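Encoded as structure tokens, the structure appears first; notes follow it.
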Amino acid sequence: MRFVYPEGKKQALTFSYDDGQIHDRKLVEILNRHGMKGTFHLNSGTLARDRNHDVFVAADEVAELYAGHEVAVHGVQHRNLPTLTRNQVVNEILEDRRTLEKLTGGMVQGMSYAFGSYSEEIIGILKNLGIKYSRTVNSTNGFFPPADFLAWHPTCHHGGRLMELGRNFLSVPGFVELPLMYVWGHSFEFAGNGDWNVIEEFAELMEGREEIWYATNGEICDYILAVRSLDSSGDGLTLKNPTAVSVWIRKDSDQELLEIRPGECVWIGER
């Protein structure tokens with residue numbers, strides 16, 4: 001028996017982009033065109049008042065622009081959290097969360113660390129503020145899900161070995177359970193370097209593959225946490241799902257696909 005992604009998908013791909021500059025508009029268009037999903041980490045204190053601003057997206061376009069994607073916390077003013085007082089950290093995160101929830105009309109529970117800077121104390125604060133995950137800038141070049149979602153290390157920055165790693169991901173060994181490729185960066189880097197072709201070519205490589213689940217950071221976090229929350233009998237042949245998220249498994253013997261729905265208890269032994 002092996003865990004798989006929703007509806008039996010073998011792999012998952014997600015993107016994570018910071019700061020909310022106007023170049024997100026083009027990046028969102030590219031992701032949409034290729035059927036991809038991403039998470040956009042915004043500093044609500046720097047959002048523009050109107051859509052004519054030449055640096056940051058406007059507050060009143062957030063819901064429309066990022067529809068179908070995820071909006072997440074990056075700190076109100078993009079401050080370096082470990083240098084702040086505890087109360088300042090709380091304000092930097094909680095105010096950003098509250099503002100983004102008002103702008104999107106949804107619940108915001110994800111985050112990325114400004115400057116990639118964090119500490120164990122910061123992680124403890126995030127847990128108390130209802131943040132489920134937060135991304136670092138420490139690339140693993142690998143495809144394993146994170147051990148700790150509040151120190152979620154991505155696979156790579158888009159300026160790294162993106163295409164090489166993408167091809168490796170498409171042929172990831174079978175022993176990697178719930179393989180995940182996580183790409184991060186800033187949309188303004190494409191504009192500044194004049195290399196939008198980087199993300200275009202990667203998206204073309206990855207699009208339309210039946211084995212890949214194209215998901216936001218939050219969707220992946222919720223799913224893997226649900227997998228880890230399953231209750232198991234002593235012999236491991238009965239699984240109960242205490243979460244609000246369906247979990248999917250594939251049996252080794254006959255490749256039968258099973259969905260364990262919220263609250264459901266399933267026997268997975270041989271018939």
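Some values worked out for this structure:
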item: Dipole-positive endmost among HIS69, SER44, GLN11 within the stretch 4-72 (Cβ charges, Cα centre); result: GLN11
item: Protein accessible area in the chain, 1.4 Å probe - carbon and sulfur %; result: 48 percent
item: Sparsely packed GluC sites (Glu not before Pro) within the stretch 101-202, loop by DSSP, other Cβ within 10 Å at most 15; result: GLU177
item: For the stretch 162-207 and the stretch 138-155, distance of Cα centres in Å; result: 15 Å
item: Inter-centroid distance (Cα atoms) of the stretch 51-84 relative to the stretch 220-242, Å; result: 34 Å
item: Share antiparallel - DSSP beta bridges, the chain, percent rounded to 5; result: 35 percent
item: Accessible surface, per residue, of the stretch 118-271 when the full set of protein chains is kept, probe 1.4 Å, Å²; result: 46 Å²
item: Under 15 Å from the Cα of LYS102 - aspartates and glutamates, other chains or at least 8 residues apart; result: ASP60, GLU61, GLU64, GLU70
item: Sites matching trypsin sites (Lys or Arg not before Pro) across the stretch 1-61 that sit in DSSP coil, with at most 10 neighbouring C-beta atoms within 10 Å; result: ARG49
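The values are calculated or read from the model by the stated rules, or taken from the named source; none is laboratory data. Since the model is a prediction, treat every value here as computed from it, not as a measurement. Positions of Cβ are generated from backbone atoms using ideal geometry, with glycine treated the same way; all protein chains shown enter the neighbour counts. Accessible surface areas use protein heavy atoms only, side chains included; no ligands, DNA or RNA. Shrake-Rupley method; radii C 1.70, N 1.55, O 1.52, S 1.80 Å.
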